[in-house]
Amino acid sequence: MIILDGKKTSNDIKAEIAESVRGIVANGSRPPHLAAVIVGNDGASLTYVSSKVRACKRVGFDSTLINLPESTSEDELLEKVNELNNDEQIDGYIVQLPLPKHIDSQKILIAVDADKDVDGFHPTNFGKMALSLPTFISATPFGIMELLKRYDVETSGKHTVVIGRSDIVGRPISILMSQKYNPGNSTVTLAHSRTKNIEELTKHADIIISALGVPNFVKAEMVKDGAVIVDVGITRVADNSAKGYKIVGDVDYENVSKKSSYITPVPGGVGPMTIAMLLKNTLLAYKG
Ligand code: GUN
């Protein structure tokens, strides 16, 4: 069994990005600049956004964190989006999801300039991704593809079962895994909450990508020997640690890892990759 080490791989990618930034700055140009907008004070979202901003500093990017109050109206947020679209010093930005219920996320995401949409959430960029045209690929699916690529995991002709059909992970990764490139060329089944007898699908899968957010959902008896396991779950579960919680994936790692050929741990698998790929997209946005 080989661990798909997202922590190490993301550090390699960040080192490559930092090298590019050193070259840019040595040539007298300003470094790339990422902005992140967060509305409200959700603990998990604040943690994610702060790690994105910290990662910018590590690779030499400029970064701006915009924390708006929970009471921010849709119009006020649209105004902020418009401001960022027109700010020439900002190469790319993200609006952290989920947004408060009184704000229509789709309305906000469609207002983001597609050329600055380093999350790849704008319909134009999602459409380009689906058509295999060059674009910003959302950080989580992009991170999974990069991990499979760097570990030379064979995906061509394999049966991939994706669990979860979210706009951010399940649906885009199902499209990418079936694309006519490597990694890709996979036969994909997209399973979700209405899927019947899911274990009948997973038991025959060569590759399982679980993006459900249910701890220990994928158990050893659902997995065939030698399967590749990608765990995208990041559920906070209360414990007695100083932080008061630990991050738990969708996969029963202890038992599933014994049967798998490759597996991503949680934490230290897909999670760190998403941040590295967001930085990669920001560098692409900078280069135009
Ligand atoms: N919420 C959970 N994941 C993400 C992400 O990749 N980008 C943004 N903007 N919000 C998220």
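The values are calculated or read from the model by the stated rules, or taken from the named source; none is laboratory data. All values derive from a computational prediction rather than experimental measurement. All Cβ positions, glycine included, derive from the backbone under ideal geometry; neighbour counts span all protein chains shown.
Among the residues here, residue 177 qualifies as closer than 19 Å to residue 4 by Cα and either of a type in the set (Phe, Trp, Tyr) or in contact with a strand residue (DSSP E or B) (Cβ under 7 Å, 6 or more places away or on another chain) (or both).
Mind telling me which of the residues 34, 97 ends up being assigned to a loop (DSSP other than H, G, I, E, B) and either within 16 Å of the ligand (Cβ to nearest atom) or in contact (Cβ under 8 Å) with a residue 60 or more places away in the chain (or both)? Before you say what the answer is, go through the steps one by one.
Values: 34 fails: assigned to a loop (DSSP other than H, G, I, E, B).
The unique qualifying residue is 97.
Among the residues of the stretch 1-20, those that are over 30 Å from residue 224 (Cβ atoms), surrounded by fewer than 19 Cβ atoms within 10 Å (Cβ to Cβ) and more than 16 Å from the chain's Cα centre (by Cα) comprise 12, 15, 16, 18, 19, 20. Contact map, the stretch 176-200: first residue within 13 Å of residue 210 (Cβ to Cβ), second residue acidic (Asp, Glu), Cβ cut-off under 8 Å, separation 6 or more or different chains; pairs are 199/221.
In this structure, is residue 92 touching a strand residue (DSSP E or B) at 6+ places or on another chain (Cβ under 7 Å) and either free of Cβ contacts under 8 Å to residues at least 12 places away in the same chain or more than 11 Å from the ligand (Cβ to nearest atom) (or both)? Spell out how you get there, then give the answer.
Numbers: touching a strand residue (DSSP E or B) at 6+ places or on another chain (Cβ under 7 Å): yes; either free of Cβ contacts under 8 Å to residues at least 12 places away in the same chain or more than 11 Å from the ligand (Cβ to nearest atom) (or both): yes.
So residue 92 passes the test.
Filtered by the rule that a residue be away from the ligand (no atom under 13 Å from the Cβ) and not in a helix (DSSP H, G or I), the stretch 104-149 gives 104, 113, 131, 132, 133, 134, 135.
For residue 268, the criteria (1) assigned to a loop (DSSP other than H, G, I, E, B); (2) without any contact (Cβ under 8 Å) to a residue 60 or more places away in the chain; (3) within 19 Å of the chain's Cα centre (by Cα); (4) surrounded by 16 or more Cβ atoms within 10 Å (Cβ to Cβ) hold in every case but one, which is (2). Given the structure, is residue 44 within 16 Å of the ligand (Cβ to nearest atom), under 17 Å from the mean Cα position of the chain (by Cα) and modelled with pLDDT of 95 or more? Taking the combined requirement at face value, the residue does not satisfy it.
Within the stretch 1-50, the set of residues being over 27 Å from residue 268 (Cβ atoms) and among the hydroxyl-bearing types (Ser, Thr, Tyr) comprises 29 only.
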